[in-house]
């Protein structure tokens with residue numbers, strides 16, 4: 001396959017693949033229908049360039065799968081233990097990663113250096129998830145200052161925005177029937 005997504009599955013034509021949102025927008029270009037091999041390939045290349053202009057890769061929203069070893073099961077939220085070399089103590093905290101003004105940013109919810117209660121750990125975990133959910137919903141319009149005193153108040157109790165802690169299993173999309181899409 002070349003950079004234009006063209007492959008040659010048979011002697012009668014070429015196949016151009018262009019996939020966006022799990023849908024193949026390409027097609028088969030018959031040599032006979034296009035008046036020869038060269039014209040069919042040029043048509044496939046031209047259509048591929050048109051599709052690239054309509055659906056640039058910068059517009060693709062990639063959803064990354066959370067990593068098992070660092071993530072808490074929510075995208076952009078994780079737990080970490082870090083050795084502070086100056087104090088020679090281990091700090092434990094939940095982190096939230098996000099993009100602010102086009103640059104990567106991290107917000108931490110520290111449990112401190114000493115022993116901590118299970119209630120504080122659960123509170124930090126739920127607050128981190130709430131922060132990320134609000135960031136995903138509001139972006140730069142989010143009021144971040146309310147998280148300065150996060151240890152004293154339960155911001156996730158209000159449920160705004162509501163965060164589902166039960167993850168529903170993702171369903172696979174069914175492939176579109178070619179006959180249905182032609183008749184529509």
Inset, instruction - For region 69-79, indicate whether the set of residues that are surrounded by 13 or more Cβ atoms within 10 Å (Cβ to Cβ), assigned to a helix (DSSP H, G or I), modelled with pLDDT under 90 and assigned by TED's automatic domain parsing to the domain that holds residue 150 is non-empty. - result: no
Legend entry - Scan of region 7-30 for residues that are crowded, with 17+ Cβ neighbours inside 10 Å and over 18 Å from residue 57 (Cα atoms), ordered by number: 13, 14, 15, 29
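Quick check, is residue 108 assigned to a helix (DSSP H, G or I) and either modelled with pLDDT of 85 or more or surrounded by 14 or more Cβ atoms within 10 Å (Cβ to Cβ) (or both)? First the steps, then the outcome.
Working: assigned to a helix (DSSP H, G or I): no; either modelled with pLDDT of 85 or more or surrounded by 14 or more Cβ atoms within 10 Å (Cβ to Cβ) (or both): yes.
Taking the combined requirement at face value, the residue does not satisfy it.
The values are calculated or read from the model by the stated rules, or taken from the named source; none is laboratory data. These numbers come from a predicted model, not from an experiment. Note that we place each Cβ from the backbone using ideal geometry, even for glycine, and neighbour counts take in every protein chain shown.
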